[in-house]
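S.K.: Take this structure first; my questions come after.
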Amino acid sequence: MRDTLFIRLLNQSDKGEALARRIAALREGRADEDVYAVNPESFRQVPNTPFCYWVSERIRRLFKELPPFEAEGRTVKQGLATADDFRFVRAWWEVPAERILNGMRYAGGGSHKDQEEKWTEERIREFQAWCRKRTYEGKRWAPFAKGGEYSPYYADIHLVVNWEKDGAEIRNFVDPKTGKTNSRPQNTDYYFRPGLTYTSYTNLGFAPRILLAGSVFSIAGMGIHGVKKCLLVFLNSTVVQRFLYLIADRRKWEAGVIQRLPVPNLSDYIPELNLMSDQAWSLKRSLDLTDDTSHAFTLPTLLQCQGEKIAERAAACRKHFAEAESELLKIQSVADELAYNLYGFTAEERKAAGVVQVSAESDLESDVFEGGNDEVEALEADSAQTESAPSASTADSRVHTAYFLSWCVGVAFGRWDVRIAIDQSLAPKLPDPFDPLPVCPPGMLVGPDGLPAEPNRIVSEEWLRARPDADTLPPDGSVKNPTIPDSEYPLRISWDGVLVDDPGFNGDRPHRDDIVRRVREVFDLLWKDKSHEIEQEACDILGVSDLRDYFRKPAGFFQDHLKRYSKSRRKAPIYWPLSTASGSYTIWLYYHRLNEQTLYMVVNKYMEPKISEVERGIAQIENELKAASGREATRLTDRLNEARAFLGELRDLREELLRIAALPYKPDLNDGVIINAAPLHKLFRLRSWAKDTEDCWKTLEKGDYDWAHLAYTIWSDRVREVCRRDRSIAIAHGLEDLCEVEAPESKKKGGRGRRKKEAAR
């Protein structure tokens, strides 16, 4: 076959004029670097036979001469498709920590220097079996790698999936009309294995990152297994991107595309590649240490950087992040050079292999929407980009300040450990690259079991110093005094999970649990004599008159918190403001302390005393008014009217809380934030959140979420009837004995046979 001429005009703004010039050059016999003479038969050497005319014949031959990625024990697999993420997937901070699968009780250990030896094939299989067993022993949620934003080298896994009893609910999730299984738990033999994962749909390119042991991967976050750490930095190299661009859609990185990537011999460079992989992964993770939605969170940025003022600390943080990102670019450059040399690219081939660049701004930070029986219904932007606050690396002083105040509230609730802010050496080390995620971030206040602390079960500093890392408990008997009484902790903790916006009837005697008072206690502990100065700067940065103004405005603290805790289309705020109609009084609830007695406790401990206080105040004003006249009488009359209106709002709030409590309201954290918040929708003042929770409540009433435990407590008869014909929902409520529908595994043979065996393990 004769050579065919190809003219490349991708980088030309005026393609018509550029084409005319090249045709003229050809007629005159002049050479042109954008004109290629290629035998079309050579394209057959490249998978999918693309017209990659711009690369040399030698580069095309590499696809046949070098072994493909899917060789030498390496594999790329699609994972779980739930078909209903709203039901089966949560953000990790939504669910009880004790129900999340982790490696804290798994025997092992070692440093990242011996990762290859630590995660041998034998140990991996042992760990997988251990994980599956744990799913039958109360561990309901497994870390779920589901794509998300473009993030090479490292990304926190902020989602968890319901894999209790080896995914029983998901495996039995069928279409009632057809009897066909909606979900697709694919390649389950590879679940919980360490490896790499990547976002399947993104404009920015192929960007693999570490997949930690104990995780489940998805159809949107593919699993790469049988790989060594050295491949992390190699696969993120520019030359690998260019090979993949030859055979793939630039937005869709299917398993087959990665499988066909030609891989050179890396054996002589493994130590160098391992070192660069470690460095890149560590640097990328360091950017996550200040994000309180991350498993790596230690302290907010304003406490990790130095400076006399907030603005100075914020500037220092931005500089630190910029330096880390610059170092990442240097590592990437070295890795690129090494990869080009391994493939034997000449200078001319490097130039010719260039691809069309896409900007970071064009990335969709996409996730796959799953629903019904369809494969992939749509590609949607991950709400982490559109709804979450900016990352710490790019955030301005306002964002840093909002993050700090969120941390202060968490400290008051006993979520974060203020001692780590006082002495950062108390923070436990983070696990090594392939090790399981810690059940609690390093900055969390924990008990001796490594789970969130409870009253009089706060670990001592001795215990913290003896802890090897955030995923490992101190050796048995190594700590003489593992806990301290609450009285020895530097701050008071609201163990009942309630704070109030209550400055007192006259505004001069804040309630003991007033949220502003409690935040100021944190300020005083950390900033001491500069506390007031820092508080005023914080208010100036936030654009509010005082802290109470920030906490009271719906578009203030709660809106910032909601944005920060919304990721992957899940809105999951954990600090809830239940307010009177005007916002004159607010109960702040900490989601993780919710139980069926919470609302009654709020009424008895907070509402009734407040109502009595206001009633006494009204009586006092009425007595003073009897003897007043003129302007004083007018002033007192105004106060009296305001107090009576306030009293009316308090009584309305009390009645609404009692009405909800009597539904009955029995929150179950496994349902997730919005399900548990739905009955309270009338008490939220931020309109968007009020609407979201109201819509959720209407859907609950309709019966579309009968898998929720809350639905069963309120409409038990209805849900029990549903359980008769829906095995998955019956499993959710522990009512399998009621179900009259045969399990899907026993209905079909062939492909279902493997699934049945897997479920029986």
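Values in this text are rule-based calculations from the coordinates and carry no lab data. Predicted model only: the values in this text are computed from it and were never measured. Using ideal geometry, Cβ is built from the backbone for each residue, glycine included, and neighbour counts are taken over all protein chains shown.
S.K.: Order of 617-630, 227-240, 305-318 by packing, highest average Cβ count within 10 Å first?
M.R.: Top of the packing list down: 227-240, 305-318, 617-630.
S.K.: When the Karplus curve 6.51 cos²θ - 1.76 cosθ + 1.60 is applied with θ = phi - 60°, which whole-Hz ³J(HN,Hα) does each residue of the stretch 223-238 get, with x for Gly and Pro?
M.R.: The phi angles translate into x, 10, 10, x, 9, 9, 4, 4, 6, 4, 6, 4, 5, 8, 6, 4 Hz.
S.K.: Give me the Kirkwood hydrodynamic radius of the stretch 597-663, using the inverse of the mean 1/r over all pairs of distinct Cα atoms, in Å to one decimal.
M.R.: After inverting the pairwise mean of 1/r, the radius is 13.1 Å.
S.K.: Turning to a different aspect of this structure: So for the chain: antiparallel DSSP bridges make up what percent, rounded to the nearest 5?
M.R.: If I count the DSSP bridges inside the chain, around 90 percent turn out antiparallel.
S.K.: Taking the beta-carbon count within 10 Å as an exposure proxy, list 224, 731 from fewest neighbours to most.
M.R.: Least crowded to most crowded, the residues run 731, 224.
S.K.: What is the helix-to-structure angle for 716-725, meaning the angle in degrees between its Cα long axis and the longest Cα principal axis of the chain, kept from 0 to 90 and rounded to the nearest 10?
M.R.: The angle comes out near 20 degrees.
S.K.: With θ set to phi - 60° and the Karplus curve 6.51 cos²θ - 1.76 cosθ + 1.60, what are the ³J(HN,Hα) couplings of the stretch 190-205 in order, to the nearest whole Hz, using x for Gly and Pro?
M.R.: Taking θ as phi minus 60°, the curve returns 9, 5, 6, 7, x, x, 10, 9, 7, 7, 6, 10, 6, 6, 8, x Hz for the stretch 190-205.
S.K.: Oh, and also: What FRET efficiency do you get for residue 532 and residue 396 if R0 is 22 Å and r is their Cβ-Cβ distance, rounded to the nearest 0.05?
M.R.: Result of the calculation: an efficiency of 0.40.
S.K.: Oh, and also: Which of 594, 716, 168 sits closest to the plus end of the dipole of the chain, meaning its Cα is farthest towards the positive end, when Lys and Arg get +1 and Asp and Glu get -1 on the C-beta?
M.R.: 168
S.K.: Within straight cross-link reach of residue 177, meaning Cα distance under 29 Å, which lysines are found once same-chain residues fewer than 8 apart are removed?
M.R.: List returned: 146, 165, 698, 702, 747, 748, 749, 756, 757.
S.K.: Next up: Decide, for the stretch 482-606, between rounded, prolate and oblate: order the square roots of the alpha carbon gyration tensor eigenvalues as a ≥ b ≥ c, take rounded if a/c falls under 1.5, and otherwise choose prolate if a/b is larger than b/c, else oblate.
M.R.: rounded
S.K.: What FRET efficiency, computed as 1/(1 + (r/R0)^6) with R0 = 22 Å and r the Cβ-Cβ distance, is obtained for residue 704 and residue 99, rounded to the nearest 0.05?
M.R.: The computed FRET efficiency comes out at 0.35.
S.K.: Hey, which lysines would be in cross-link range of residue 319, C-alpha to C-alpha under 20 Å, not counting anything within fewer than 8 residues on its own chain?
M.R.: Correct list for residue 319: 284, 309, 330.
S.K.: Please give every one of the aspartates and glutamates within straight-line cross-link reach of residue 118, meaning a C-alpha to C-alpha distance under 19 Å, and leave out same-chain neighbours fewer than 8 residues apart.
M.R.: By straight Cα distance, residue 118 reaches 126, 278, 432, 435, 469, 471.
S.K.: So if the hydrodynamic radius of the chain is defined as the Kirkwood radius over C-alpha pairs, what does Stokes-Einstein give as its diffusion coefficient at 10 °C and 1.306 mPa s, in µm² per second? Please report the intermediate quantities before stating the final value.
M.R.: Numbers: Rh = 29.0 Å.
Taking Rh from Cα pairs, D becomes 55 µm²/s.
S.K.: Continuing with this model, one more query. Can you give the angle from 0 to 90° between the axis of helix 531-542 and the longest principal axis of the chain, with both taken from C-alpha atoms, to the nearest 10?
M.R.: Between the helix axis and the principal axis of the chain, the angle is about 60 degrees.
S.K.: Given +1 on the Cβ of Lys and Arg, -1 on the Cβ of Asp and Glu, and no further charges, what dipole in debye does the chain carry about its Cα centre, rounded to the nearest 20?
M.R.: 1700 debye
S.K.: Taking the C-alpha atoms of the stretch 413-488, how large are the radius of gyration and the largest Cα-Cα span, Dmax, in Å?
M.R.: Gyration radius and largest Cα-Cα distance of the stretch 413-488: 11.7, 39 Å.
S.K.: Mind pulling the angle between the C-alpha long axis of helix 15-28 and the longest principal axis of the chain? Nearest 10 degrees, somewhere in 0 to 90.
M.R.: Once rounded, one gets 10 degrees.
S.K.: Okay, next question. What is the stretch 632-677 by shape, rounded, prolate or oblate, if you read a ≥ b ≥ c off the alpha carbon gyration tensor as root eigenvalues and call it rounded for a/c under 1.5, prolate for a/b larger than b/c, and oblate otherwise?
M.R.: Here the stretch 632-677 falls in the prolate category.
S.K.: Further question on the same structure: Remind me, what semi-axes does the stretch 248-330 give for its equivalent ellipsoid, largest first in whole Å, using sqrt of 5 times each Cα gyration tensor eigenvalue?
M.R.: 35, 17, 12
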